[in-house]
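Enquirer: Pasting a structure here, questions to come.
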Amino acid sequence: MSLAEIQARIYKAEAKAGRPEGATQLIAVSKVQPNDRVDAVLAEGHRLFGENKVQEAAGKWPGLQERYPDATVHLLGPLQTNKARQAMQLFSAIHSLDRPKLANTLARLAQDLGQCPDLFIQVNTGEEDQKAGVLPKEADGFIAECRSLDLPIVGLMCIPPVNEEASLHFALLRKIAARNEIAGLSMGMSGDFEKAIAQGATHVRVGSAIFGARDYG
Ligand SMILES: *Cc1c(COP(=O)(O)O)cnc(C)c1O
């Protein structure tokens, strides 16, 4: 599907949910995609992208940003503390803040660098062992801890379990955000972004529906 088609579906979902056009930002998830596909989406005028790995983004985006200086990239995947400094310099937002150790490291580096990307706290809404994120019952405490470190918490992020109704997880994330007065909701991927918009997503993360299947070969 083309970028324009996805954007049209986003507008339609916003209208259906009674939300203003443009209430949801589209993050084009370019991880693993060949540069010519990413280039094509840049050439169409899109400027907001998502990557999963610091190393991959570091090899790819500085070059692209020479030609498209206003392109911005968000980190969506897990972040190791030893890559935090590099991540803070590469990304305009990090969606995977998920533990106290990382929060402390980011706070220290923010002092050092005099700046900090926008931060989303990842919540493991499905309480899955293999997934990153704070548990729903730990979220309020962790949010308070991050705020006491002066970290710029702009949103919450979740990745629902594959075999469950995504809307329930989006609704849970929205509830946690509302009671903590957090405005941003990073939720919804290729298969469920319209449901996420219905539940109030401010950022949807769409990869394969825009770029085609990822070839991990
Ligand atoms: C890969 C990825 C996406 C995009 O997934 P698609 O199903 O290709 O849209 C979104 N969010 C995260 C965290 C991802 O890792």
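The values are calculated or read from the model by the stated rules, or taken from the named source; none is laboratory data. Treat the numbers as computed from the prediction; the structure is a model and nothing was measured. No Cβ is skipped: glycine too gets one built from the backbone with ideal geometry, and neighbour counts run over all protein chains shown. Side chains are part of the model used for accessible areas, which takes the heavy atoms of the whole protein and leaves out ligands, DNA and RNA. Shrake-Rupley method; radii C 1.70, N 1.55, O 1.52, S 1.80 Å.
Enquirer: Given R₀ = 35 Å, what would the calculated FRET efficiency be for ARG85 paired with LYS175, taking r from the Cβ atoms and rounding to 0.05?
Expert: Working: r = 34 Å, r/R0 = 0.97.
Approximately 0.55, to the nearest 0.05.
Enquirer: How high is the FRET efficiency between ALA40 and SER167 when r is their beta carbon distance and R₀ equals 35 Å, given to the nearest 0.05?
Expert: Numbers: r = 32 Å, r/R0 = 0.92.
Between ALA40 and SER167 the formula returns 0.65.
Enquirer: I would also like to ask the following. Taking the C-alpha atoms of region 104-217, how large are the radius of gyration and the largest Cα-Cα span, Dmax, in Å?
Expert: Rg, Dmax (Cα atoms, Å): 15.1, 44.
Enquirer: Separate question: Give a quick list of chymotrypsin sites (Phe, Trp or Tyr not before Pro) in region 174-217 that DSSP marks as loop, anything other than H, G, I, E or B, with at most 16 other Cβ atoms within 10 Å. Don't skip to the answer; put the middle values down first.
Expert: Details: sites: PHE193, PHE211, TYR216; in loops: TYR216.
Answer by residue number: TYR216.
Enquirer: Right, another one. Please name whichever of SER96, TYR216, SER167 sits farthest to the positive end of the charge dipole of the chain, dipole taken about the Cα centre and charges placed at Cβ: Lys and Arg +1, Asp and Glu -1.
Expert: SER96
Enquirer: Rounded to the nearest 500 deg cm²/dmol, what is the calculated helix-only ellipticity per residue at 222 nm for the chain, with -39500 (n - 2.57) per DSSP H run of length n ≥ 4? Walk me through the intermediate numbers first.
Expert: Details: 9 runs with 95 residues, N = 217.
After summing the helix terms and dividing by residue count, I get -13000 deg cm²/dmol.
Enquirer: Tell me, which longest segment in the chain has none of the GluC sites (Glu not before Pro) that fall in DSSP loops with at most 10 further Cβ atoms within 10 Å? Let's see the in-between values first.
Expert: Numbers: sites that count: GLU21, GLU181.
In the chain, the maximal stretch lacking such sites is 22-180.
Enquirer: Dipole of region 42-112, Cα-centred, from +1 at each Lys and Arg C-beta and -1 at each Asp and Glu C-beta, to the nearest 20 debye? Show your work: numbers first, answer last.
Expert: On the way: 9 positive and 7 negative charges, 60 e Å.
Once rounded to the nearest 20, the dipole reads 300 debye.
Enquirer: With the cut-off at 1.5 for a/c, could you classify region 79-169 from its C-alpha gyration tensor as rounded, prolate or oblate? Kindly include the intermediate steps, with their values, before the conclusion.
Expert: On the way: a/c = 2.24, a/b = 1.84, b/c = 1.22.
Verdict is prolate for region 79-169.
Enquirer: Could you calculate, for the chain, the ratio of the Cα radius of gyration to the Kirkwood radius, expressed as Rg to Rh?
Expert: Details: Rg = 16.6 Å, Rh = 17.5 Å.
Reported Rg/Rh, Kirkwood definition of Rh: 0.95.
Enquirer: Any idea of the accessible area per residue across region 143-197, 1.4 Å probe, to the nearest Å²?
Expert: Numbers: 2590 Å² over 55 residues.
So region 143-197 comes to 47 Å² accessible per residue, rounded to a whole number.
Enquirer: Another one. If you find the alpha carbon centre of region 202-217 and of region 68-146, how far apart are they in angstrom?
Expert: Between the Cα centre of region 202-217 and that of region 68-146, the gap is 21 Å.
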